[in-house]
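Chemist: Pasting a structure here, questions to come.
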Amino acid sequence: MVFKKGSPVYATEVQREQGEDVLYINAIGAPFVPSIAESPDVMARAIDLLADNPNVSRIVFVQQRNYHYPNKQVLLLAEIARLYNFLTKQEEILSPKKISIYGNTPEVYEDIQYLLSLMKQHPIGCYLEIKTRVKELRSQLDDGQVTNRSNLLNYLRLLEKMFDLLNNTTMIKQSREMITESSFGKREIYKSIFRPEVLPNFTFTRLAAQIPEDAELIDQYEIKKDGEEATVTILRRENDSKYLYHIMPPEYALPEEYHILLNLGRNVLSEHRPKSEEFTDPERTRKVFMNIAKDLLSELSKSQNIPLTHKDLVSLSKILVRHTIGFGLIEVLLSDEKLQDIVLNAPITQNPIFVRHEQYDECVTNIVPSFEDSNSWAAKLRLQSGRPLDEANPVLDTEMTLETSRARVAATTQPLSPKGLAYAFRRHRDQPWTLPLFIDNKMINSFTAGLLSFFIDGSRTLLVAGTRSSGKTSLLGSLMLEIMPKCRVIVIEDTLELPVEALRKIGYDILSLKVRSALTSGTTEIEASEGIRTSLRLGDSALIIGEVRSEETRALYEAMRVGALANVVAGTIHGDSPYGVFDRVVNDLNVPPTSFKATDLIIITSPIKTPDGLHSVKRVSQITEVRKHWSQDPLVEKGFVDLVRYNVEKDELEPTPELINGDSEIIKSIAGSVKGWAGDWEAVYDNILLRGKVKQEIVNASKKLNRPELMEGPFNSLANGAFHRISDEVRQARGKPGSDEVFGKFQDWLYKTVDKI
């Protein structure tokens, strides 16, 4: 809300926003901070306005910083306003008729006026004042030394009624333990009741900057990205199962004069209406606007006589760009590497943002988004993705790429979301996950990592299955890193989530194809099935499918059946068991059972609940081989053979007897094409163990040397290349790659290489 220049202090406007009335009160130019807690006049004005506007849900005092009083606090004032209206309009306690029964004197009239005025300025003080008056009047009546006993008795009844009404208000009930006789002239109690959400005037999203007094401090850390810092405080309140994720972004700690510059700059930039083509390359657009913002703020600082250092200019420009063409505080949240999901529920202005934290699970934040911002984000996502979001297409799946983070975005609107826009942001890790990283966080163990590496080298077809947020896509991304960089990789996705750019930067020959979402119509994108068929005409390539969702599954199995020209074919799919995957592929997605046999392996990822029931950890729960001898039902005909299974008691993946005893047709098939392995199960199993030892050694070196980057993608790719090179050298010299010799040479390479980087 922007009041016109010259609008008087306390000018008001009520706006209807997402099903609630919001009262905006002008405080620009006022020589005071509009604090209901500290100022009797501000409280009285608010109650007067609520008496005239009983349906108001929120109050916003507009200044260089806007002060938002949320519904819970406004209801306390509204109750006093209703009480005031009841006494003055329904009871008419100031009418001549009522005054006459109290004595009909100017003193009585003035006294009632005083109490009514005090009720609006200081309800707790009014409560104490009436309590004292009642006690004194009763004492006078008990003494019997009064000449106007009837009038005095009537007045006592009025005061007792006012006292009872005040005593039953929520404000008094909540404050009763804090109220003392000395509270009359003080306003300290109000400071614990009325705590506005303070936000700069250049943004609409509300943020509760103050930390709740009744919250226990659990953790605190700094987010440092791209020269900016934000403080995150994790708090816990009694009887609340969710932690409070309290963030203080850099824009909320700026001096007042910087807020003036940003507000002026936003007003100028908001007049520019970007064209759709400006959003086809968000990175370039942001750089252009960054330069514009620097020039604009530099000019404004001179005209306003507000000096800026170069560092301050860059910082303010980033903030201005974030709150104009960017996604506001969502970008600040996405810069926190510890967050996995960010959720905004409808109606968006009445709910705080929720986040899923890697350590504290689901948390409620101190941020409440605005209607203006949520609409702006929807428009930007439509322009960037080229996909619709409207009543005919109420779901928009797309991706968002920022300077410091990537995220998948799912936006919903009416009629699917009856209360309007809602969002879910899935934050992607800055660097791709790797098998050593998964070993480190116990999603897999070193043996399973070696087994997966063996399967990728063996060019198998596999599906990574699991429930939502079980780590399917992350695991698939780590398996992509196990593909040798010399092999071409084609990635097909409807929403870009896999670490294609990260792999390209470390030397992979990789092509990304974006296809139409199964939930979208009316776009120029091609269907996923056509994208898969096209990939088969693009040369000898490994084929990676982001997620198997719909009719394109038939095309995927075409690719599997031809082996994608003898390379890895892999994808993710929703399913909590091998048979669940079979049921979805065959019965839901109409793939013939015989075609399903083209699947070699199914990897199941699962969220495992901790004993307290409040947390969950991500684990690979089983790797299952799909045999080829069954005809109709692989479960009944024993077409599924587990190779590893998760032991919940030990929190560990264990090889099954079938794997240990060499009863794996897939592994035998891989071994049959490698010189020296055919018929030698011990040599094959030894190679799987060797690969696991190599992955574990990378983890050990990272911990020992305090070099966490050794577990990241670039070094993992380098180490994979070294492992294959060393294995080949030993094989040529010895006839087969002896594990002890290969491992010793790999250790030497590892520590020598680490010393050089």
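The values are calculated or read from the model by the stated rules, or taken from the named source; none is laboratory data. Since the model is a prediction, treat every value here as computed from it, not as a measurement. Ideal geometry is used to build each Cβ from the backbone, glycine not excepted, and the neighbour counts take in all protein chains shown. Side chains included, ligands, DNA and RNA excluded: accessible areas come from the protein's heavy atoms. Shrake-Rupley method; radii C 1.70, N 1.55, O 1.52, S 1.80 Å.
Chemist: Going through 413, 398 one at a time, which residue ends up being of a type in the set (S, T, N, Q), buried (at least 19 other Cβ atoms within 10 Å of the Cβ) and more than 26 Å from residue 336 (Cβ to Cβ)?
Modeler: 413
Chemist: Right, here's the next one. What number of residues within segment 374-388 satisfy the criterion of being touching a residue at least 40 places away in the same chain (Cβ under 8 Å) and open to solvent by less than 20 Å² (accessible area, probe 1.4 Å)?
Modeler: Here the count works out to 5.
Chemist: Given the structure, is residue 606 touching a Lys or Arg at 6+ places or on another chain (Cβ under 8 Å), touching a residue at least 60 places away in the same chain (Cβ under 8 Å), open to solvent by 10 Å² or more (accessible area, probe 1.4 Å) and polar (S, T, N, Q)?
Modeler: Yes; evaluated as a whole, the condition is true for this residue.
Chemist: Taking segment 10-32 as the region of interest, how many residues are under 30 Å from residue 185 (Cα atoms), assigned to a loop (DSSP other than H, G, I, E, B) and either open to solvent by less than 60 Å² (accessible area, probe 1.4 Å) or modelled with pLDDT of 90 or more (or both)? Break it down stepwise before answering.
Modeler: At the first step, the residues of segment 10-32 found to be under 30 Å from residue 185 (Cα atoms) are 10-12, 23-32.
Among the residues that remain, those that are also assigned to a loop (DSSP other than H, G, I, E, B) are: 10-11, 27-32.
With the extra rule that they be either open to solvent by less than 60 Å² (accessible area, probe 1.4 Å) or modelled with pLDDT of 90 or more (or both), the set shrinks to 10-11, 27, 30.
Total satisfying the criteria: 4.
Chemist: Among the residues of segment 740-752 satisfying the criterion of being in contact with a helix residue (DSSP H, G or I) (Cβ under 8 Å, 6 or more places away or on another chain), open to solvent by 20 Å² or more (accessible area, probe 1.4 Å) and not aromatic (Phe, Trp, Tyr), which is farthest from residue 683 (Cα to Cα)?
Modeler: Top of the filtered list is 747.
Chemist: Would you pick out the residues in segment 46-72 that are among the aliphatic types (A, V, I, L, M), in contact with a helix residue (DSSP H, G or I) (Cβ under 7 Å, 6 or more places away or on another chain) and under 10 Å from residue 22 (Cα atoms)?
Modeler: Selection gives 56, 59.
Chemist: Pull out all pairs, ordered by first then second residue, where Cβ-Cβ is under 8 Å, the residues are six or more apart or on different chains, the first lies in segment 176-192 and is more than 17 Å from residue 130 (Cα to Cα) and among the small types (Gly, Ala, Ser), and the second is at pLDDT 85 or above and open to solvent by 70 Å² or more (accessible area, probe 1.4 Å).
Modeler: As it stands, the answer is 192/178, since those pairs meet every condition given.
Chemist: Can you name every residue in segment 248-268 that is open to solvent by less than 20 Å² (accessible area, probe 1.4 Å) and touching a helix residue (DSSP H, G or I) at 6+ places or on another chain (Cβ under 7 Å)?
Modeler: Within segment 248-268, 249, 251, 261, 262, 265 qualify.
Chemist: Right, something else. If you go through segment 613-654, how many residues are hydrophobic (A, V, I, L, M, F, W, C) and open to solvent by 60 Å² or more (accessible area, probe 1.4 Å)?
Modeler: 4
Chemist: When segment 219-239 is examined, which residues are found to be part of a loop (DSSP other than H, G, I, E, B) and either open to solvent by less than 50 Å² (accessible area, probe 1.4 Å) or free of Cβ contacts under 8 Å to residues at least 24 places away in the same chain (or both)?
Modeler: The one that is part of a loop (DSSP other than H, G, I, E, B) and either open to solvent by less than 50 Å² (accessible area, probe 1.4 Å) or free of Cβ contacts under 8 Å to residues at least 24 places away in the same chain (or both): 239.
Chemist: Now a separate question. Test residue 83 against the criterion of being at negative phi, of a type outside the set (Phe, Trp, Tyr) and buried (at least 17 other Cβ atoms within 10 Å of the Cβ), and give yes or no.
Modeler: yes
Chemist: Here's a follow-up. Take the residues in segment 711-739 that are in contact (Cβ under 8 Å) with a residue 40 or more places away in the chain and within 15 Å of residue 687 (Cβ to Cβ), then tell me which one is most open to solvent (accessible area, probe 1.4 Å).
Modeler: 736
Chemist: Take segment 33-56 and flag every residue that is in contact with an Asp or Glu (Cβ under 8 Å, 6 or more places away or on another chain) and buried (at least 18 other Cβ atoms within 10 Å of the Cβ).
Modeler: 56, the sole residue that qualifies.
Chemist: Of the residues 708, 657, only one is open to solvent by 60 Å² or more (accessible area, probe 1.4 Å), closer than 25 Å to residue 626 by Cα and without any contact (Cβ under 8 Å) to a residue 60 or more places away in the chain; which?
Modeler: Values: 708 fails: closer than 25 Å to residue 626 by Cα.
Within the list 708, 657, the selection yields 657.
Chemist: Test each condition in (1) crowded, with 18+ Cβ neighbours inside 10 Å; (2) farther than 21 Å from residue 204 by Cα for residue 391 and report the one that comes out false.
Modeler: (1)
Chemist: Could you tell me which numbered condition residue 350 fails, if it satisfies all but one of (1) at pLDDT below 90; (2) within 17 Å of residue 265 (Cα to Cα); (3) crowded, with 17+ Cβ neighbours inside 10 Å?
Modeler: Here residue 350 meets the rest and fails (2).
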